[in-house]
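Here is the structure we will look at.
The values are calculated or read from the model by the stated rules, or taken from the named source; none is laboratory data. Just so it is clear, the model here is predicted, and its values are computed rather than measured. Reconstructed Cβ throughout: ideal geometry from the backbone, glycine too, with neighbour counts over all protein chains shown. Keep in mind that these areas ignore ligands, DNA and RNA; they rest on the heavy atoms of the full protein, side chains included. Shrake-Rupley method; radii C 1.70, N 1.55, O 1.52, S 1.80 Å.
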Amino acid sequence: MRSYGDKPESFLRMVPSGLLPALLVETSDGRKQVVTESQVIMELLDQWHPVEDGYRQMMPAEDDSASMQRYRQLSNLERELFSWWCTLIFRPEGPGFGSPGMLGKLMGKSSEPAMSGAMSGFLECLEKVDTALASTKGPWFFDWADHPTMIDFIYVSHVERMLASAAFWKGLDLRSDKYQQQFPALNAWLDAFEKRECYLAFKSDYYTNVKDIPPQYGPGYDGGFEDERILFQKNISGKESWSLPLSFDDELQPLYKGPPLPLCVLKAAGISGDNGELASEGTSYEKAEPEQMAEACRQMAGWKLASNGSAVAKFAARGGPKGSRNPRKGFGAELADPYAMSDEKLIPAVEIALKSVCVSLLAQGGPSAHDAALNEMKENLQTQISKDEARDVASSLAYLRDRVGVPRDLPLASARQLRAHLNAAIDVLH
């Protein structure tokens, strides 16, 4: 896949298709083989890290025939769910049928508006997944482990994409109160993942997902629940959600079902989980003091920006009038331009603007101190950025804002603060 840039020739010699992930396996007799199937790679890594060496059990024991059979059944169900998802998102929806379908009847909702066959099939398959999860005592697909196992990880990467794409292109919020009641085990499973700090390290947000899904799978088609879809698209794209003051939680993406920031950041900020323990995982943070949490989220964004400020300013300056000149080709991903040039003359002004944004993010002392920092940012931007440069600097900040990736750059709770503060600066410059 070459959606984001050219792969090195050394890599393409091993993997001509450019597919990722890729694992080069060398056997004891010197033979080499490249494996590109994600599930096979995961299973191989598990074999090479056995329980006997202190690693956690991720696969059923080979002599546990019942568990192995369940593993294969769940793997097949994941493929079925993936197929329904592709049918729903990446093909135009057909007209709804005259009845609500089997799922609607089971839920006693025979009077609901008709769904398309693709929507009904997708939701009915999710019902099967929910039933499989509900059949165990804990949140995971297997009872013999108190942690997510291989099959949980196989599911979660695609379910994460399904949550984002279903909301954005179909107006279907599977984390809403309605669907928490309809799919309680599925939502409990998602909550259990979010209570683990390690999940925060690879969990993406809806915006990042809807930008990286089309180059991998093709364009998504609008459909489903029209009114909700329009609202959700505005939220996910930031048109109504990346503005100050931010709400404590996000309307679509629950931020506090688990640690919203790395535990070291929560500890430094003195934030305890809902279990009363300082900076602990395995608990939610929904009862955290809003202003204290907002300050911690802002400061993490400020720390990241300050740690590499000059390079970020150079990157952002691609958004200037003499920037984004790509001497090479374009790529499938909408925002990918790895060969773009920066507007060199604009970099100093962009750096001044980013320093002002950074100061506002790092403000300590509660709401009044943050308000004062925002006023200082406004004054600095108005006095230090010339009128001739203001619009071009604003364009550079927008270029950066649109490319803040989750989790690559920041976890969502912090990324939304950076995006909103960049927007606050853009408003001043405009």
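Look at residue 299 and say whether it is free of Cβ contacts under 8 Å to residues at least 24 places away in the same chain and in contact with a helix residue (DSSP H, G or I) (Cβ under 8 Å, 6 or more places away or on another chain). Let's see the steps before the verdict.
Numbers: free of Cβ contacts under 8 Å to residues at least 24 places away in the same chain: no; in contact with a helix residue (DSSP H, G or I) (Cβ under 8 Å, 6 or more places away or on another chain): yes.
Judged against the criteria, residue 299 is not a match.
How do the pairs read when you match residues in region 128-153 that are touching a residue at least 12 places away in the same chain (Cβ under 8 Å) with residues anywhere that are among the β-branched types (Val, Ile, Thr) and surrounded by fewer than 20 Cβ atoms within 10 Å (Cβ to Cβ), using Cβ under 7 Å and keeping only pairs 6 or more apart or on different chains?
Within 7 Å, the pairs are 142/136.
Quick one: how many residues across region 250-273 are open to solvent by less than 50 Å² (accessible area, probe 1.4 Å) and either over 14 Å from residue 413 (Cβ atoms) or in a loop (DSSP other than H, G, I, E, B) (or both)?
16
Take residues that are closer than 29 Å to residue 277 by Cα and open to solvent by 30 Å² or more (accessible area, probe 1.4 Å) and tell me which of the helices (runs of 4 or more DSSP H) falling wholly in region 129-222 contain 1 or more.
On the way: elements: 150-170, 177-182, 184-194, 197-200, 206-217.
Result: 150-170, 177-182, 184-194, 197-200.
Note down all Cβ pairs under 6 Å where the first residue falls in region 307-330 and is among the hydroxyl-bearing types (Ser, Thr, Tyr), the second is modelled with pLDDT under 95 and open to solvent by less than 20 Å² (accessible area, probe 1.4 Å), and they're at least six residues apart or on different chains.
324/340
Just one of the numbered conditions (1) modelled with pLDDT of 90 or more; (2) out of contact with any Pro (no Cβ under 9 Å at 6 or more places or on another chain); (3) among the charged types (D, E, K, R); (4) farther than 24 Å from residue 379 by Cβ is not true of residue 351; which one?
(4)
Pick out the one residue from 3, 75, 67 that is small (Gly, Ala, Ser) and assigned to a loop (DSSP other than H, G, I, E, B). Break it down into steps so the answer makes sense when it comes.
On the way: 75 fails: assigned to a loop (DSSP other than H, G, I, E, B); 67 fails: assigned to a loop (DSSP other than H, G, I, E, B).
One residue alone meets the criteria, 3.
Taking the conditions exactly as written (part of a loop (DSSP other than H, G, I, E, B), open to solvent by 20 Å² or more (accessible area, probe 1.4 Å) and farther than 30 Å from residue 277 by Cβ), does residue 238 satisfy them or not? Walk me through it before giving the result.
Values: part of a loop (DSSP other than H, G, I, E, B): yes; open to solvent by 20 Å² or more (accessible area, probe 1.4 Å): no; farther than 30 Å from residue 277 by Cβ: yes.
No.
Give the residue that is nearest to residue 335 (Cα to Cα), with candidates limited to residues of region 9-18 that are open to solvent by less than 80 Å² (accessible area, probe 1.4 Å) and part of a loop (DSSP other than H, G, I, E, B). Let's see the steps before the verdict.
Restricting attention to region 9-18, the residues satisfying the condition of being open to solvent by less than 80 Å² (accessible area, probe 1.4 Å) are 10-12, 15, 17-18.
Those left that are additionally part of a loop (DSSP other than H, G, I, E, B): 15, 17-18.
Working: 15: 25, 17: 22, 18: 20 Å.
Restricting to residues being open to solvent by less than 80 Å² (accessible area, probe 1.4 Å) and part of a loop (DSSP other than H, G, I, E, B), the top hit is 18.
Let me confirm something: among 335, 354, which residue is touching a residue at least 60 places away in the same chain (Cβ under 8 Å), under 30 Å from residue 390 (Cβ atoms) and among the hydrophobic types (A, V, I, L, M, F, W, C)? Full working, then the answer.
Numbers: 354 fails: touching a residue at least 60 places away in the same chain (Cβ under 8 Å).
On inspection, the qualifying residue turns out to be 335.
Among residues belonging to region 223-235 that are open to solvent by less than 30 Å² (accessible area, probe 1.4 Å) and touching a residue at least 40 places away in the same chain (Cβ under 8 Å), point out the one that is nearest to residue 294 (Cα to Cα). Quick ask: steps written out before the conclusion?
Applying the first criterion (open to solvent by less than 30 Å² (accessible area, probe 1.4 Å)) to region 223-235 yields 223, 229, 235.
Retained after the next criterion (residues that are touching a residue at least 40 places away in the same chain (Cβ under 8 Å)): 223, 229.
Numbers: 223: 35, 229: 28 Å.
Checked region 223-235; the qualifying residue nearest to residue 294 (Cα to Cα) is 229.
Table: residues versus (1) part of a helix (DSSP H, G or I); (2) in contact with an Asp or Glu (Cβ under 6 Å, 6 or more places away or on another chain); (3) open to solvent by 60 Å² or more (accessible area, probe 1.4 Å).
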position	(1), (2), (3)
282	no, no, no
295	yes, no, no
298	yes, no, no
313	yes, yes, no
317	yes, yes, no
325	no, no, yes
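If I ask for residues that are over 17 Å from residue 151 (Cβ atoms) and open to solvent by 80 Å² or more (accessible area, probe 1.4 Å), which ones from region 20-50 would you list?
20, 24, 26, 28, 29, 31, 32, 33, 48
Where in region 334-417 are there helices (runs of 4 or more DSSP H), lying wholly inside it, with at least 3 residues that are surrounded by fewer than 17 Cβ atoms within 10 Å (Cβ to Cβ) and of a type in the set (Asp, Glu)? So that I can check it myself, show each step before the final result.
Working: elements: 347-361, 367-384, 387-401.
Because the criterion is at least 3 residues that are surrounded by fewer than 17 Cβ atoms within 10 Å (Cβ to Cβ) and of a type in the set (Asp, Glu), the helices (runs of 4 or more DSSP H) in region 334-417 that meet it are 367-384.
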